[in-house]
1. How much FRET efficiency would the formula 1/(1 + (r/R0)^6) give for Val13 and Ser87, where r is the Cβ-Cβ distance and R0 is 22 Å, rounded to 0.05?
2. Convex hull volume of the Cα atoms in region 62-175, per residue, in Å³?
3. Ordering Met103, Met11 by accessible area with a probe of 1.4 Å, largest first, what comes out?
4. For the full complex of protein chains and a 1.4 angstrom probe, list Lys101, Lys39 by accessible area with the highest value first.
5. May I ask which of Lys128/Lys175; Lys31/Lys104; Lys39/Lys123; Lys123/Lys175 have a Cα-Cα span longer than 21 Å here?
6. Could you tally the net charge around Thr144, taking each other residue with its Cβ under 13 Å from the Cβ of Thr144, Lys/Arg +1 and Asp/Glu -1?
7. If each residue of separation counts as 0.36 nm, what is the full-extension length gain between Leu165 and Thr98 once their alpha-carbon separation is subtracted?
8. Taking only C-alpha pairs under 8 Å that are 6+ residues apart, what is the relative contact order of the chain in percent?
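The values are calculated or read from the model by the stated rules, or taken from the named source; none is laboratory data. The structure presented is a predicted model; accordingly, all values stated were derived computationally and were not measured. Cβ placement follows ideal geometry from the backbone for every residue including glycine, while neighbour counts extend to all protein chains displayed. Quick note on the areas: whole protein, heavy atoms, side chains included, nothing else; ligands and nucleic acids left out. Shrake-Rupley method; radii C 1.70, N 1.55, O 1.52, S 1.80 Å.
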Amino acid sequence: AGGVSITQYLMDVAFSPDGRRMMVLNGSNYKSVYLFHLKTPFDVRTQNYVTYHTLSGETYPNAMWWHPDGLRFWTIGTTRDGIQEYSTDMPWDLTNVTEVKHMKEEEIDGGQSEFNHRGLVWKPDGEKVYTMGATLDNISQYTTTGSAFDIGALTFEHAYSLAPLETAPNGIEFK
């Protein structure tokens, strides 16, 4: 229904709070985010392809997380070994996307050396961010020491090992 075929490396998806916009991360070396409008909220059968944006930061993005206001989003992957923050001019739109900041995990106070990130999620108040990796098979928890959602002011708090329960984790989400 007016869509586009993404046949490889569909890595992540995010919905606007009203369910009318869907962002799809075409990861790995395709490094693009696609925007779809949904005629019926949260019903992917009613999607209509709008546009895409090629990411300038991470070469192999595997996960993304969108702020509920739709003006910022973050990606994480395997090449730059950290978190990238992007901003948009209009909520849940890809017309003008700018890379704001990049933070390698090794540069974070106490940061882990994960080389195969597979998940990223922020605590709703922006005071903590969680990353998941398939090299160390763990979930890393970081806290912001500055303002909310600021990847430039993160401190490592804790890592929770998923091994031996999971040896190739993909994705993380909280309810």
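1. Given R0 = 22 Å and the Cβ-Cβ separation, E is 0.65.
2. On the way: hull volume 11.1 nm³, N = 114.
Per residue, the Cα convex hull of region 62-175 comes to 97 Å³.
3. Final ranking, largest accessible area leading: Met11, Met103.
4. Numbers: Lys101 70, Lys39 160 Å².
Ranked from most to least accessible, the order is Lys39, Lys101.
5. Where the Cα-Cα span goes over 21 Å, the pairs concerned are Lys39/Lys123.
6. On the way: positive: Lys101, Lys123, Lys128; negative: Glu85, Asp109, Asp125, Glu127, Asp150, Glu157.
Residues near Thr144 contribute -3 overall.
7. Going from the current span to full extension adds 20.3 nm.
8. Contact order relative to length: 13 percent.
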